[in-house]
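Student: Could you have a look at this structure, given as structure tokens, before my questions?
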Amino acid sequence: MDLRALNRGELLAIAGGALIGISVFMSWYSLGNHFTQLNGCHGPNGTCTAWHALLIVRFILLAAAAAPLILAWIIIRGHALSWPRGELTAVVGVAALVLVLFRGVIDKPGSPADQITVTYGWWVALGGTLLVIAGAAWRYQEGAPRRNPPGVL
């Protein structure tokens, strides 16, 4: 096990994964009036965490938070991979980014939807997904094989 094998990209992705994991237990939604309901949370002026608001997405986000740690474990142990390091973490990061954007901007849970706004936990999750993507891209860029242009041997 060699901790020096980790570079900035993995450390950045690990920090992003930690932010995603922590954000699931932070307040994601603010509830406007006393008619607002979101699973077990009620308004007025209440908040709801992602753990209480998102029934299935919470587990997907926690799995996405674990992806950079799994990549770091693979690198520390020196395992050989059949794909470039950081590629799968980038895919997981993009999928988490889409879920966070979808559940925070496009389709907020609860009703009435116009009384539900995102709070700091959603922003932390958004930043975490962007850090995972940036870290995975950094790792992929450093470890990717150099290709020759067409026609060059």
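The values are calculated or read from the model by the stated rules, or taken from the named source; none is laboratory data. The structure displayed is predicted, hence computed values, not measured ones. When we count neighbours, we look across all protein chains shown, and the Cβ atoms used for this are built from the backbone with ideal geometry, even at glycine.
Student: Go through region 86-108 and count every residue that is surrounded by 20 or more Cβ atoms within 10 Å (Cβ to Cβ) and either outside any helix (DSSP H, G or I) or not β-branched (Val, Ile, Thr) (or both).
Tutor: 7
Student: Shifting gears a bit: What pairs come out if I take residues in region 64-79 that are under 17 Å from ALA125 (Cα atoms) and pair them with residues that are part of a helix (DSSP H, G or I) and of a type in the set (Asp, Glu) whose C-beta lies under 9 Å away, six or more apart or interchain?
Tutor: Every condition considered, the pairs that remain are PRO68/GLU10.
Student: Do you know which residues across region 101-118 are at pLDDT below 90 and either within 26 Å of GLY16 (Cβ to Cβ) or under 15 Å from the mean Cα position of the chain (by Cα) (or both)?
Tutor: ARG103, GLY104, VAL105, ILE106, ASP107, LYS108, PRO109, ILE116, THR117, VAL118
Student: Continuing with the same structure: May I ask you to verify whether LEU61 is under 15 Å from ALA125 (Cα atoms) and surrounded by 17 or more Cβ atoms within 10 Å (Cβ to Cβ)?
Tutor: Criteria met by LEU61.
Student: In addition: Answer yes or no as to whether CYS41 is touching a Pro at 6+ places or on another chain (Cβ under 9 Å) and at pLDDT below 90.
Tutor: In short, no.
Student: Okay, moving on. Cβ-Cβ below 6 Å, separation at least six or inter-chain, first residue in region 84-96 and more than 24 Å from ALA50 (Cβ to Cβ), second aromatic (Phe, Trp, Tyr) and modelled with pLDDT under 80: which pairs?
Tutor: PRO84/TYR140; GLY86/TYR140; GLU87/TYR140
Student: Would you check if THR129 is of a type outside the set (A, V, I, L, M, F, W, C) and either more than 27 Å from LEU55 (Cα to Cα) or not in a helix (DSSP H, G or I) (or both)?
Tutor: In short, no.
Student: Can you pull out the helices (runs of 4 or more DSSP H) entirely within region 1-85 that have at least 1 residues that are of a type in the set (A, V, I, L, M, F, W, C), in contact with a strand residue (DSSP E or B) (Cβ under 7 Å, 6 or more places away or on another chain) and more than 20 Å from LEU131 (Cα to Cα)?
Tutor: Hits in region 1-85: 50-53.
Student: Give me the residue from region 71-85 that is within 16 Å of GLY9 (Cα to Cα) and not aliphatic (A, V, I, L, M) and, out of that set, surrounded by the most Cβ atoms within 10 Å (Cβ to Cβ).
Tutor: Applying the filter and picking the extreme gives ARG85.
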